[in-house]
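Enquirer: Take this structure first; my questions come after.
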Amino acid sequence: MAFYYSEPSRTFSEYLLVPGYSSADCIPANVSLKTPVVKYRKGQEECPLTMNIPMVSAVMQAVSGEKMGVALAKEGGIAFIYVNQPIDEQAEMVRRVKAAKAGFVVSDSNLCADDTLADVLEKKEESGHSTMAVTDDGTGTGKLLGIVTSRDYRVTRMDPSTKVSEFMTPLEKLITAPEGITLKEANNIIWDNKLNSLPIVDENGHMVAFVFRKDYDLHKSNPMSLMDSQKRYVVGAGINTRDYAERVPALVEAGADVLVIDSSEGYTEWQAITLKWIRDHYGDSVKVGAGNVVDGEGFRFLADAGADFVKIGIGGGSICITRETKGIGRGQATAVIDVAAERDKYFQETGVYVPICSDGGIVQDYHMTLALAMGSDFCMLGRYFSRFDESPTNKIFINGSYVKEYWGEGSARAKNWQRYDMGGKKKLSFVEGVDSYVPYAGALADGVEATLSKIRSGMCNCGAMNLEELRDKAKITLVSSVSIVEGGAHDVILKDKQAE
């Protein structure tokens with residue numbers, strides 16, 4: 001006989017937070033949203049990877065490209081570059097995110113003195129970089145001869161065949177710094193000499209790196225930026241359970257800080273095999289999440305298999321129709337509550353805290369606050385991030401409004417059979433996602449700022465100054481269908497509706 005759960009599975013919309021006592025210090029400005037991303041021995045060591053905000057972007061073609069990687073890292077979160085693409089292209093996306101901001105930038109656009117203006121323009125088009133080192137062998141580690149910037153040439157007044165040696169800024173006119181200088185010292189030289197870039201050279205005059213003024217400015221304007229030990233943006237990447245032996249090394253080499261197995265269902269031997277391969281080859285040095293699961297049993301399986309974090313949710317995404325097509329899934333709120341309880345039990349037994357990520361089911365911003373109060377360490381968001389300028393999809397004007405394209409990984413458009421693979425043919429037998437539009441929402445920074453303001457304010461209503469306090473102090477109540485209606489605007493004529 002089948003096992004029957006005695007309680008129905010519920011969504012976030014069926015719950016509300018009940019206010020608790022708030023001290024005078026409990027104001028949004030004092031609230032910390034810092035959260036662990038990967039497993040660690042809580043109380044005995046610091047988590048090796050944390051975020052400044054509890055938000056990551058979904059492993060989806062329509063969401064997480066390199067622009068999302070940079071934009072979300074600036075706000076303190078992590079984007080997971082989508083896996084449904086060739087390995088080299090995904091690795092290159094990761095590499096570009098890591099190169100977008102750094103303290104010491106290894107020069108990857110380099111010239112020889114005999115190169116021409118046409119070569120400069122071609123390299124600029126390929127890389128987007130306007131500052132290039134001129135070295136004796138045309139590499140980023142050759143002996144420095146000079147640099148070329150956009151101020152050194154005029155395209156309209158110069159012949160494309162003009163040699164770089166004729167218009168570059170030569171070494172004798174450059175200010176350089178020796179290898180081993182600190183980032184603070186390098187920035188002081190930049191400011192004291194009004195430079196845009198500072199070449200770092202070794203004792204033999206060979207190029208080591210650049211330090212750029214714009215990187216300092218970016219850091220100061222984005223104090224919540226999430227960066228690694230080398231002052232580069234933190235970025236994640238998706239993998240699957242098929243080509244991990246080739247994909248994982250490429251992503252690690254490209255600089256990915258954390259990986260996640262992108263799959264519609266995580267309670268499988270396929271994921272255990274993938275995790276074992278990573279642990280056998282990299283130990284604990286490569287951080288990798290797994291999922292998705294919807295109950296404590298699934299969590300325990302993945303935690304025992306070596307997952308650094310576990311994703312929760314099946315069928316709750318706005319473009320996902322897994323529940324309709326296969327009858328598989330669980331209400332997201334119930335799934336989070338169940339998995340969080342097992343996570344806490346696992347911690348008590350082992351001393352290892354395995355963070356959990358609520359993936360899907362977020363419709364309103366306050367649903368994130370509920371997910372965090374119910375035990376999630378962070379939320380993975382697809383539809384939410386797909387609306388912004390930084391998602392890789394087209395902005396289209398339809399019926400008087402701007403929208404952005406958004407499609408599921410299980411849709412016919414994505415054809416991401418690996419995500420839904422159960423050992424069969426390399427194709428989608430049937431779709432588990434739809435192709436759609438979402439309302440355009442402008443710049444990511446503005447949208448995230450508004451959302452985080454709501455989360456911080458809601459936490460203060462609960463008397464919580466950080467996410468751990470929120471889980472301890474939150475009081476959560478079920479709501480009836482009638483009270484859901486009561487919670488919105490009702491029994492009035494809205495002015496904007498009347499104007500329409």
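The values are calculated or read from the model by the stated rules, or taken from the named source; none is laboratory data. Because the structure is a prediction, the values reported are computed rather than measured. Using ideal geometry, Cβ is built from the backbone for each residue, glycine included, and neighbour counts are taken over all protein chains shown. Side chains are part of the model used for accessible areas, which takes the heavy atoms of the whole protein and leaves out ligands, DNA and RNA. Shrake-Rupley method; radii C 1.70, N 1.55, O 1.52, S 1.80 Å.
Enquirer: Can you compute the modelled spin-label distance between residue 214 and residue 276, with each label point 7 Å from Cα toward Cβ, in nm?
Expert: 4.8 nm
Enquirer: Now, a different point. What residues have an amide H closer than 5 Å to that of residue 210, excluding those fewer than 5 places away on the same chain, when H is modeled at 1.01 Å from N in the peptide plane?
Expert: Those qualifying (amide H under 5 Å, at least 5 residues apart or on another chain) are 105, 106, 107, 200.
Enquirer: Could you give P(r) for the stretch 1-153, binned at 10 Å from zero, as whole percent values over all Cα-Cα pairs?
Expert: Histogram of Cα-Cα distances, whole percents per bin: 8, 21, 24, 21, 13, 7, 5, 1.
Enquirer: Where the centre of each part is set by its Cα atoms, how far does the stretch 438-489 sit from the stretch 1-29, in angstrom?
Expert: So the separation of the two Cα centres works out to 11 Å.
Enquirer: Same structure, new question: Of the listed pairs 184/231; 101/220; 101/404; 276/311; 220/287, which have alpha-carbon separations greater than 21 Å here?
Expert: Too far apart for the 21 Å limit: 101/404; 220/287.
Enquirer: Express the accessible area of the stretch 42-130 per residue in Å², computed with a 1.4 Å probe while the remaining protein chains stay in the model.
Expert: 39 Å²
Enquirer: Could I ask something else about it? What is the spin-label model distance, in nm, from residue 203 to residue 494 if the labels are put 7 Å beyond Cα along the C-beta direction?
Expert: That separation, rounded to one decimal, is 7.1 nm.
Enquirer: Further question: Gain in length, residue 345 to residue 149, computed as 0.36 nm per residue apart minus the alpha-carbon separation, to one decimal in nm?
Expert: The span from residue 345 to residue 149 would gain 64.8 nm if fully extended.
Enquirer: Oh, and also: What full-extension length gain, to one decimal in nm, is calculated for residue 228 and residue 469 as 0.36 nm per residue of separation minus the Cα-Cα distance?
Expert: 84.1 nm
Enquirer: Here is a further query. Taking a quarter of the surface of the Cα convex hull of the stretch 94-230, what do you get in nm²?
Expert: Averaging across all directions leaves 8.8 nm² for the Cα convex hull.
Enquirer: Which FRET efficiency value, to the nearest 0.05, do you get for residue 285 and residue 454 by plugging their Cβ-Cβ distance into 1/(1 + (r/R0)^6) with R0 = 35 Å?
Expert: 0.40
Enquirer: A further question follows. Taking the alpha-carbon set of the stretch 168-307, what are its Rg and Dmax in Å?
Expert: Gyration radius and largest Cα-Cα distance of the stretch 168-307: 21.6, 67 Å.
Enquirer: Within the chain, what whole-number % of the accessible surface is contributed by carbon and sulfur, with the 1.4 Å probe and all protein chains included in the calculation?
Expert: So the carbon and sulfur contribution to the accessible surface is 50 percent.
Enquirer: So what does residue 407 come to for accessible area, using a 1.4 Å probe and Å² rounded to 10?
Expert: 30 Å²
Enquirer: Tell me, what is the per residue accessible area of the stretch 167-272 in Å², probe radius 1.4 Å?
Expert: Accessible surface, normalised per residue, equals 48 Å².
Enquirer: So how strong a dipole does the chain carry about its Cα centre when Lys and Arg Cβ are +1 and Asp and Glu Cβ are -1, to the nearest 20 debye?
Expert: Computed about the Cα centre, the dipole is about 780 debye.
Enquirer: Still on this model: Counting only helical runs of four or more DSSP H residues, what would the 222 nm mean residue ellipticity of the chain come to if each run contributes -39,500 (n - 2.57) and the total is spread over all its residues?
Expert: Helices in the chain give a 222 nm mean residue ellipticity of -9500 deg cm²/dmol.
Enquirer: If I ignore ligands, DNA and RNA and count only protein heavy atoms, how much of residue 213 is accessible to a 1.4 Å probe, in Å² to the nearest 10?
Expert: 50 Å²
Enquirer: For residue 118 and residue 402, what is the calculated FRET efficiency with R₀ set at 35 Å and r taken between the beta-carbons, to the nearest 0.05?
Expert: It comes out at approximately 0.35.
Enquirer: With a 1.4 Å probe and all protein chains kept in place, how much accessible area does residue 469 have, in Å² rounded to the nearest 10?
Expert: Approximately 60 Å² of residue 469 is accessible to the 1.4 Å probe.
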